[in-house]
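The values are calculated or read from the model by the stated rules, or taken from the named source; none is laboratory data. Worth saying up front: this structure is predicted, and the values here are computed from it rather than measured. Methodologically, a virtual Cβ is constructed for each residue, glycine included, from the backbone with ideal geometry; neighbour enumeration extends over all protein chains shown. Side chains included, ligands, DNA and RNA excluded: accessible areas come from the protein's heavy atoms. Shrake-Rupley method; radii C 1.70, N 1.55, O 1.52, S 1.80 Å.
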Amino acid sequence: MFRRMLITTTVLLGVWALGLGIFKSIYHVDYTEETLRVSDLFSNGEQVQAIVTFSSARYHPVSKPLKKREELLYESGESWLVTWTTLDDFKTFDHPKIQRIGQYKFTGENGWRDNLTGINPRTIKAIGSEDQILLMGDKLQSLNLEDGDRVTIPGNDKTSSLSHDCRHLLSWEEGLKIYTIPEFQELEVLPDTEELTEFRESIASIQGAPLFVTDQLSHLVFRPHVSDTDLKEQSIANVYDIREDKSSIFKMQGRWRSDIKNCQLVDDELVWLVAFSYQDKLYLYDAQGILLQQIPILASKYESSEERWHNQKIYFLDGKQREFRLIRFEWFQQREEERPYTISGYRYNYDDQTSIEFEVVIPKDKLVIE
């Protein structure tokens with residue numbers, strides 16, 4: 001009896017071990033994932049630009065008790081600058097101009113800086129030039145896509161900030177230097193003061209949050225991220241007045257879950273572009289928190305409740321042209337290849353309250369992968 005039980009147990013363990021081995025061999029098969037994504041968007045009164053990156057990544061599944069993760073073995077790809085120029089005030093566009101930026105390859109898990117060759121797509125910024133881009137990494141460089149020439153600008157991605165509308169580059173080394181984009185001419189040099197240092201430290205504490213520079217170089221505005229978990233948290237912004245060397249904090253008082261999207265100087269007064277999580281509209285408020293105007297926003301025709309639907313939005317508030325611009329890129333993950341990659345836009349003039357909608361399509365068939 002005991003011998004029969006021992007034999008049965010041995011057979012069952014063998015079958016279990018065989019099944020486990022087959023499961024692991026299937027589960028741990030390396031796989032490749034290819035994606036085409038937009039890593040940066042830009043718009044001014046004449047153009048729409050996108051940095052488009054194709055990537056091919058190889059993953060190795062790794063399983064641990066109660067945990068599943070994927071180890072990136074390597075990733076390679078290349079990037080392009082695609083520029084659409086308007087022919088008649090954003091009603092129609094010329095054929096897109098495509099400029100190849102270059103290839104990259106990344107291996108291992110120790111970080112992009114140590115294991116990457118080529119041009120890191122995460123550092124590429126569109127700046128309103130058809131032939132020039134900005135690289136923000138260990139070095140700050142403007143890259144001419146026609147001849148490959150690079151011009152190094154003092155600083156790096158840790159000591160510099162790019163304004164939200166990509167019109168100004170701020171270098172925080174030895175005070176503050178403000179450069180124009182895309183010319184990279186030095187506009188203003190501010191010495192280190194107690195107020196400026198306080199504002200700079202607030203920026204350094206949170207990476208990736210929007211920084212706004214008013215057109216008249218009167219104010220710098222930094223908006224920390226708003227927590228989605230704290231319903232009582234109001235949208236705040238750190239403000240530095242360049243003319244008076246004074247830092248302050250702006251709060252949207254009494255506004256539940258408000259989110260500051262942009263800020264500009266209009267008629268010598270700061271105007272705030274604000275959204276609310278429970279509404280599909282945008283609003284303009286003055287410095288005292290008084291509502292100036294409501295901006296109607298039409299819903300996307302591609303919007304979907306599917307988890308695979310994603311969208312990327314960039315908000316611009318242009319004090320000189322007195323208009324608001326919304327640029328939106330939308331895509332479905334792992335959907336049919338024939339689906340177009342579209343970038344839609346919306347312009348609203350807050351003086352005469354007129355609006356223009358437009359849409360451009362990323363020409364996937366013209367992005368030649370070498």
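Can you give me the number of residues within region 195-215 that are outside any helix (DSSP H, G or I) and at pLDDT below 80? Lay out the reasoning, then the answer.
Residues of region 195-215 outside any helix (DSSP H, G or I): 205-215.
Remaining after also requiring at pLDDT below 80: 205-210, 215.
Matching residues across region 195-215 total 7.
Return the residue satisfying two criteria in turn: it lies in region 328-344 and is polar (S, T, N, Q) and open to solvent by 20 Å² or more (accessible area, probe 1.4 Å), and of such residues it is modelled with the lowest pLDDT.
First, the residues of region 328-344 that are polar (S, T, N, Q): 333-334, 342, 344.
Now restrict to residues that are open to solvent by 20 Å² or more (accessible area, probe 1.4 Å): 333-334.
Working: GLN333: 56, GLN334: 51.
The extreme case among them is GLN334.
Of all residues in region 167-180 being within 26 Å of the chain's Cα centre (by Cα) and open to solvent by less than 20 Å² (accessible area, probe 1.4 Å), which is nearest to LEU135 (Cα to Cα)? Full working, then the answer.
Residues of region 167-180 within 26 Å of the chain's Cα centre (by Cα): 167-173, 176-180.
Restricting the remaining residues to those that are open to solvent by less than 20 Å² (accessible area, probe 1.4 Å) gives 168-172, 176, 178-179.
Numbers: HIS168: 14, LEU169: 12, LEU170: 14, SER171: 14, TRP172: 17, LEU176: 20, ILE178: 17, TYR179: 15 Å.
Once the filter is applied, the top-ranked residue is LEU169.
Table: residues versus (1) more than 20 Å from the chain's Cα centre (by Cα); (2) polar (S, T, N, Q); (3) open to solvent by 50 Å² or more (accessible area, probe 1.4 Å).
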position: ILE101; (1), (2), (3): no, no, no
position: ILE127; (1), (2), (3): no, no, no
position: ASP131; (1), (2), (3): yes, no, no
position: ASP138; (1), (2), (3): no, no, yes
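So, in region 303-322, exactly how many residues are out of contact with any Leu (no Cβ under 8 Å at 6 or more places or on another chain), modelled with pLDDT under 80 and open to solvent by less than 50 Å² (accessible area, probe 1.4 Å)?
Going residue by residue through region 303-322, those that are out of contact with any Leu (no Cβ under 8 Å at 6 or more places or on another chain) are 303-311, 318, 320-322.
From what is left, the residues that are modelled with pLDDT under 80 are 303-311, 320-321.
Okay, now just the ones that are also open to solvent by less than 50 Å² (accessible area, probe 1.4 Å), so 304, 309.
Number of matching residues: 2.
Determine which member of the set LEU270, LEU292, LEU231, LEU298 is more than 24 Å from the chain's Cα centre (by Cα), at pLDDT below 85 and more than 15 Å from SER163 (Cα to Cα). Working first, answer last.
Working: LEU270 fails: at pLDDT below 85; LEU292 fails: at pLDDT below 85; LEU298 fails: more than 24 Å from the chain's Cα centre (by Cα).
On inspection, the qualifying residue turns out to be LEU231.
Could you list, in sequence order, the residues of region 24-75 that are modelled with pLDDT of 80 or more, open to solvent by less than 50 Å² (accessible area, probe 1.4 Å) and in contact with a Lys or Arg (Cβ under 6 Å, 6 or more places away or on another chain)?
Hits for region 24-75 are ASP40, SER43, THR53.
Please find, among ARG347, ARG325, ARG257, the residue that is surrounded by 17 or more Cβ atoms within 10 Å (Cβ to Cβ), farther than 30 Å from GLY77 by Cα, in contact with a Leu (Cβ under 9 Å, 6 or more places away or on another chain) and modelled with pLDDT under 80.
Of ARG347, ARG325, ARG257, the one residue that is surrounded by 17 or more Cβ atoms within 10 Å (Cβ to Cβ), farther than 30 Å from GLY77 by Cα, in contact with a Leu (Cβ under 9 Å, 6 or more places away or on another chain) and modelled with pLDDT under 80 is ARG257.
Which ones in region 143-166 are buried (at least 18 other Cβ atoms within 10 Å of the Cβ) and touching a residue at least 24 places away in the same chain (Cβ under 8 Å)? So that I can check it myself, show each step before the final result.
Within region 143-166, the subset buried (at least 18 other Cβ atoms within 10 Å of the Cβ) is 143, 153, 155, 160-166.
Hits for region 143-166 are LEU143, ILE153, SER160, SER161, LEU162, SER163, HIS164, ASP165, CYS166.
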